[in-house]
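Some notes on the structure that comes next.
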2 protein chains.
Amino acid sequence: MGAPARRRRAPKGEGDRLRDEILAAAEHLLIETGDEAAVSIRAIADAVGVTPPSIYLHFADKDELVFAVCQLEFAELGRRMEEAGRGVEDPVQALKNLGRAYIAFGTEHPAQYRILLMGKRELSREDFESGTLPGMEAFGQVVASVQACMEAGAFAPGDPFLVAMGLWAVVHGVTSLRITVPGFPLVDAEVLIDHVLEVQSRGLTARDGQNE
Amino acid sequence: MGAPARRRRAPKGEGDRLRDEILAAAEHLLIETGDEAAVSIRAIADAVGVTPPSIYLHFADKDELVFAVCQLEFAELGRRMEEAGRGVEDPVQALKNLGRAYIAFGTEHPAQYRILLMGKRELSREDFESGTLPGMEAFGQVVASVQACMEAGAFAPGDPFLVAMGLWAVVHGVTSLRITVPGFPLVDAEVLIDHVLEVQSRGLTARDGQNE
DNA sequence: TCCTTAAGCTAACGGCGATAGGTTGTCGTT
DNA sequence: AACGACAACCTATCGCCGTTAGCTTAAGGA
């Protein structure tokens, strides 16, 4: 692998073509190696067949590039969750399916999950609220699903937003521990996931009090 | 700040004295800046008044150093949790207190929590089981506390280890989201924590079935 | 006094993200 | 067909990083 494989310069109006090639190369590198550290500006440039400074024609810095890559992949999270909940008539079961889909997706994309949801990138409050984070579109699904559970009388009445936030924390906890701690959990993952979701649904079930 | 402030060479038998100074300097840097990236070998060496290679007389590499720093601080987690649960006669309340203490500690030491529990450092399964991780001593407390809840009839019978694992995921989820997402949760943190712990305890309460 | 050896240093390597400023190919204009 | 402008990309370099090989110096016993 000595040949530099120089890339042909893009025609005049289509400088942005390089942008897509960069994103593709970075994504490939990230998935291949599973390590953000291996995705260096130099390695990306090399893969594309271009010199490092050219990257900066399209991205302000490395963080922006990596973030863009993860955003692209995370667009699928919303779809996966939507699919998981669609057509399930029992609202509680539908909600559980959302959680299962979330955990599965995160586990299947550990490097990206790490960068987006466990990284140093300071997620601004705006990102969080305005749905710049693709994951936050999915959060809306959870809120709606919780509300459906409450309206069906399956869950005790309460603030769906608060409940959804709690659920997010739970599935994120499972996902992120699975990513960080090898061999977590020491029991079968599916068993833990079933258990956790079951505890959540029992804890939220309409009974005596309400979910304040 | 021009003076290099050279450190005096340690007497013959006490070369390990430098080790402690390095750990102290690294800890100070980490807390001061809150950023692992700012804790460079060079910065540490500079703070101690020594040259970078001297660090390697006491630590194999940077990871080992940083890990050692975090371990030192995390030794307190066990104490804090122990203290939080001690003398509380209601076992469920005691368990909740453990969770609260965990979240509080993690939130107060974000940089360290990030490195130990959200970092790339591949926690070996041995670390996890043998309690090399100081946090795992704390995990034992949780298992015992869960068992107490079951024996008191407050929780449905089941596998305390599984239940404790689920609880860990929950408190870790809250902690790590608080660290990663600024302004999380969009509701008051205490409200969310109360909610989450309440849902857990309700979901685990002895009622019809058991916690399989 | 001298000699061993622990304790720490100097110099350097390769890799990183990023920037300043030059080159070259493409395209509309004449 | 020749030209000039500008987009697209490159060369050279800076300052940082972790890490290593090999040298120096001071401490302490003989």
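The values are calculated or read from the model by the stated rules, or taken from the named source; none is laboratory data. The shown structure was predicted, so the numbers you read here are calculated from the model rather than taken from an experiment. Cβ placement follows ideal geometry from the backbone for every residue including glycine, while neighbour counts extend to all protein chains displayed.
Restricting attention to the stretch B:44-57, the residues that are within 12 Å of DNA strand D (Cβ to nearest atom) and not in a helix (DSSP H, G or I) total 4.
The combined condition, being at pLDDT below 95 and either within 7 Å of chain A (Cβ to nearest Cβ) or crowded, with 17+ Cβ neighbours inside 10 Å (or both), is not fulfilled by B:Pro160. Filtering B:Gly106, B:Gly78, B:Gly85 for residues that are within 14 Å of chain A (Cβ to nearest Cβ), closer than 30 Å to B:Ser145 by Cβ, buried (at least 16 other Cβ atoms within 10 Å of the Cβ) and more than 16 Å from DNA strand D (Cβ to nearest atom) leaves a single hit, B:Gly106.
Taking the criterion of being among the charged types (D, E, K, R), touching a Pro at 6+ places or on another chain (Cβ under 7 Å) and modelled with pLDDT of 95 or more, would at least one residue in the stretch A:69-88 satisfy it? The answer is no; no qualifying residue exists.
On the stretch given as the stretch B:169-190, residues that are more than 7 Å from chain A (Cβ to nearest Cβ) and assigned to a helix (DSSP H, G or I) total 6. The condition (being closer than 30 Å to A:Ser145 by Cβ and not assigned by TED's automatic domain parsing to the domain that holds A:Ile115) is satisfied by just one residue among A:Val48, A:Val69, A:Val39: A:Val69.
Yes/no per residue for (1) in a helix (DSSP H, G or I); (2) more than 7 Å from DNA strand C (Cβ to nearest atom); (3) within 14 Å of another protein chain (Cβ to nearest Cβ):
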site: B:Ala10; (1), (2), (3): no, no, no
site: B:Glu21; (1), (2), (3): yes, yes, no
site: B:Ala24; (1), (2), (3): yes, yes, no
site: B:His28; (1), (2), (3): yes, yes, no
site: B:Arg42; (1), (2), (3): yes, yes, no
site: B:Phe59; (1), (2), (3): no, yes, no
site: B:Phe67; (1), (2), (3): yes, yes, yes
site: B:Cys70; (1), (2), (3): yes, yes, yes
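Listed conditions (1) more than 14 Å from chain A (Cβ to nearest Cβ); (2) within 14 Å of DNA strand C (Cβ to nearest atom) are all met by B:Pro91, apart from (2).
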